[in-house]
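*Asks:* Can you keep this structure in mind? I'll have questions shortly.
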Amino acid sequence: MENIHYDALVIGSGAAGSFAAKELTEKGLKVVLVEAGRNISTEDFNPNFKGPKEKGIQLWARAKAAVTGQHIQSKVAMYGRQQRHLFVNDRENPYTTPADKPFLWIRGKQLGGRLHTYGRMLLRWSDYDFKAASRDGKGQDWPLSYNELAPYYDKVEKFLGIYGTKESLANVPDGQFMGNSKLTSAEALFKAKTQERWSDRKPIPWRYMPPNIKRIPQPIIAAQETGLLTIRTNAVVRKIRVDVSTGKATGVEYIDRETREVGTLQASIVVLCGSTIESVRLLLNSATQQHPNGLGNSSGTLGKYFMDQVPSMIFGTIPGKKGFEGDDTHPVDPFYGVTGGVYIPRFENLDKVSNNQFVRGYAFQGTIGRLYARDDKDAKFGIMGFGEMLPYADNTITLNPKKKDSYGIPVPHISCYMHDNEKRLLKAQTEAIKDMLVNAGFELEFCGSYLGVEEFGRGAFPDADWFSRLLFRLNFRKSMCMGAAIHETGGARMGDDPKTSVLNRYNQSWDVPNLFVTDGSSFPSGGVSGATLTIMAVTVRACEYIARGHAEGKFK
């Protein structure tokens, strides 16, 4: 047992954990940041990698990854071969699903987690997300509103330096932008043609974080600069420890990934930021005599109401345009390549029921004209759709008592499937994007989802070899099942009633007062845009509350 007693212990170093470390150290707390994966170095981001930097189909690279230990990670929708080592080895990180309910768990274990592989697109949510249940009666509202979270969105955006444009859209609120993002000429054409036909559809440029050349997440660097941060990488937390007499968390028990030795760390406050599935798994595995069904699970909702967004994909070409367009907003990242694109915010069922075939709606993000193409080939587009999944009690994360990982920890069993509402929504989602692209004069190659794939004209990836195209057709549905959106949330939701939620409005456990959970598992609903910016803002808000309570001696 290490004799140091920290003020706060943060589990996980991604979107939530990095900001928790920053906020707490900057408020004077002595913090230990615990990461299951390894540290990173400049070698992880070698700019001299041979091959295309742009993420895309890369079928042969996917096949090679699949047979060498990444049969799940290689199914990620937009694949970049140079990033392969930033995803986990699936053989070493198993999980289970029902045979008829596949789920793709895409993840990375290193300092910074999935911050090294996400698209850096950061969008605010609105009360169309936070208060959705009040309009349609499905699930629960968030215990906080957009106005309560807006100051924390401001703080995160200013710190990261987000690019975007002011659009005055109620369901995608404007942010604090350091500069304008841009559309390519093809994206601008698409925007004009779409708005000309559908006044309620408002394509906008991406809102995104520019490349981070330092590679270590900026919040972690800021935390290090305080002199109050200790980082423990290669530490696989298997249990949160609780004092039976006080009911408070005392720290964690972990396994050193390299030596396999068991160790403990002590702290007055534990902030769980392990990512949605890992955090729920850890809470379940931290069951005690006082918490027999999982730590903090007096409501019985821990592991329930798990969600991911419902994904679709469409690719094609832009007649009359050759090659691809660059973007001079900022220098191209030497490792990741280009960024930016077009976003089509949700337009269904906002202020009124515009489509009574399903509840809530969908949005799209992608690129038009930016995907790599030779100068003698037609320019390309690639767009993904993201539909909102309702929170269902039977979409769950549980522990599989019959299967353990290499550290002896029970693996998560993920059961998540589309109900009838999501299937109807997904059909409308794919039809809507097809209509918009055809309306703009573009040519479709294929459009599909877990429900199936349609091919048009010369078919999917017409310039690829026949074997790659065969692999694509055989594996497409599997690569678009639940999890493919990589926007998973829920399982330890926050609320105003301890009988129906795991956490209160400050992400604090109802049952363990010095335990906080601030990652996506805390979300009561799943939205249609990425959760990353909201995770960051929720974490900053929770840490403000933690620091105030610590100063008042509430967590001793």
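The values are calculated or read from the model by the stated rules, or taken from the named source; none is laboratory data. Note that the structure is a prediction, hence the values are computed from the model and not measured. All Cβ positions, even for glycine, are placed from backbone atoms using ideal geometry, and neighbour counts span all protein chains on display.
*Asks:* For V76, indicate whether it is touching a Lys or Arg at 6+ places or on another chain (Cβ under 6 Å) and surrounded by 15 or more Cβ atoms within 10 Å (Cβ to Cβ).
*Replies:* So V76 does not fit the description; no.
*Asks:* Check Y372, Y362 and return the single one that is aromatic (F, W, Y), closer than 28 Å to Y208 by Cβ and surrounded by fewer than 23 Cβ atoms within 10 Å (Cβ to Cβ).
*Replies:* Y372
Condition check ((1) crowded, with 23+ Cβ neighbours inside 10 Å; (2) in contact with a Gly (Cβ under 7 Å, 6 or more places away or on another chain)) across all residues:
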| site | (1), (2) |
| --- | --- |
| G251 | yes, no |
| Y254 | no, yes |
| V262 | no, no |
| V310 | yes, yes |
| K321 | no, yes |
| E325 | no, yes |
| H330 | no, no |
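*Asks:* Given E325, E278, which one is out of contact with any strand residue (DSSP E or B) (no Cβ under 7 Å at 6 or more places or on another chain) and part of a helix (DSSP H, G or I)? Walk me through it before giving the result.
*Replies:* Working: E325 fails: part of a helix (DSSP H, G or I).
Result: E278 is the single residue among E325, E278 that is out of contact with any strand residue (DSSP E or B) (no Cβ under 7 Å at 6 or more places or on another chain) and part of a helix (DSSP H, G or I).
*Asks:* Residues in the range 534-544: is at least one touching a residue at least 40 places away in the same chain (Cβ under 8 Å), out of contact with any helix residue (DSSP H, G or I) (no Cβ under 6 Å at 6 or more places or on another chain) and surrounded by fewer than 24 Cβ atoms within 10 Å (Cβ to Cβ)?
*Replies:* Yes, the range 534-544 contains at least one residue that is touching a residue at least 40 places away in the same chain (Cβ under 8 Å), out of contact with any helix residue (DSSP H, G or I) (no Cβ under 6 Å at 6 or more places or on another chain) and surrounded by fewer than 24 Cβ atoms within 10 Å (Cβ to Cβ).
Residue-by-condition table, conditions (1) within 30 Å of F381 (Cα to Cα); (2) in the same structural domain as A432 (by TED's automatic domain parsing); (3) not β-branched (V, I, T):
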{"position": "W142", "(1), (2), (3)": "no, no, yes"}
{"position": "S145", "(1), (2), (3)": "no, no, yes"}
{"position": "D154", "(1), (2), (3)": "no, no, yes"}
{"position": "S181", "(1), (2), (3)": "yes, yes, yes"}
{"position": "S185", "(1), (2), (3)": "yes, yes, yes"}
{"position": "A192", "(1), (2), (3)": "yes, yes, yes"}
{"position": "D200", "(1), (2), (3)": "yes, yes, yes"}
{"position": "I221", "(1), (2), (3)": "no, no, no"}
{"position": "E225", "(1), (2), (3)": "no, no, yes"}
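*Asks:* Which members of the range 122-149 meet the condition of being in contact with an Asp or Glu (Cβ under 6 Å, 6 or more places away or on another chain), in a helix (DSSP H, G or I) and crowded, with 16+ Cβ neighbours inside 10 Å?
*Replies:* Listed by number, the residues that qualify are A133, Y146.
*Asks:* Return the residue satisfying two criteria in turn: it lies in the range 101-143 and is among the aliphatic types (A, V, I, L, M) and farther than 30 Å from F476 by Cβ, and of such residues it is farthest from the chain's Cα centre (by Cα).
*Replies:* Looking at residues that are among the aliphatic types (A, V, I, L, M) and farther than 30 Å from F476 by Cβ, I get A133.
*Asks:* Please note which strands (runs of 3 or more DSSP E) are completely contained in the range 357-474 and include at least 1 residues that are closer than 30 Å to L284 by Cα and modelled with pLDDT of 95 or more.
*Replies:* On the way: elements: 362-368, 378-387, 396-404, 410-415, 443-449, 452-455.
By residue number, 378-387, 396-404, 410-415.
*Asks:* Can I ask one more? Do we have any residue at all in the range 223-241 that's in contact with a Pro (Cβ under 9 Å, 6 or more places away or on another chain) and modelled with pLDDT of 95 or more? Full working, then the answer.
*Replies:* Restricting attention to the range 223-241, the residues satisfying the condition of being in contact with a Pro (Cβ under 9 Å, 6 or more places away or on another chain) are none.
Checking the range 223-241: not a single residue is in contact with a Pro (Cβ under 9 Å, 6 or more places away or on another chain) and modelled with pLDDT of 95 or more.
*Asks:* Follow-up. Go through the range 166-218 and give me each residue that's part of a helix (DSSP H, G or I) and surrounded by 20 or more Cβ atoms within 10 Å (Cβ to Cβ).
*Replies:* Correct list: A186, E187, F190, K191, T194.
*Asks:* Can I ask one more? Condition test on T226, is it in contact with a helix residue (DSSP H, G or I) (Cβ under 8 Å, 6 or more places away or on another chain), among the β-branched types (V, I, T) and over 24 Å from L115 (Cβ atoms)?
*Replies:* In short, no.
*Asks:* On to the next question. Would you call R38 surrounded by fewer than 17 Cβ atoms within 10 Å (Cβ to Cβ), assigned by TED's automatic domain parsing to the domain that holds R241, farther than 23 Å from R541 by Cβ and modelled with pLDDT of 90 or more?
*Replies:* yes
*Asks:* Ok, one more. Find all pairs meeting these conditions: Cβ atoms under 7 angstrom apart; at least six residues apart or on different chains; first residue within the range 243-258 and touching a residue at least 40 places away in the same chain (Cβ under 8 Å); second residue aromatic (F, W, Y).
*Replies:* Final answer for the pair search is I255/Y407.
*Asks:* In addition: Taking I240 and the conditions (1) among the aliphatic types (A, V, I, L, M); (2) in contact (Cβ under 8 Å) with a residue 12 or more places away in the chain; (3) under 30 Å from S181 (Cβ atoms), which numbered condition does it fall short on, given that it satisfies the others?
*Replies:* All conditions are met except number (3).
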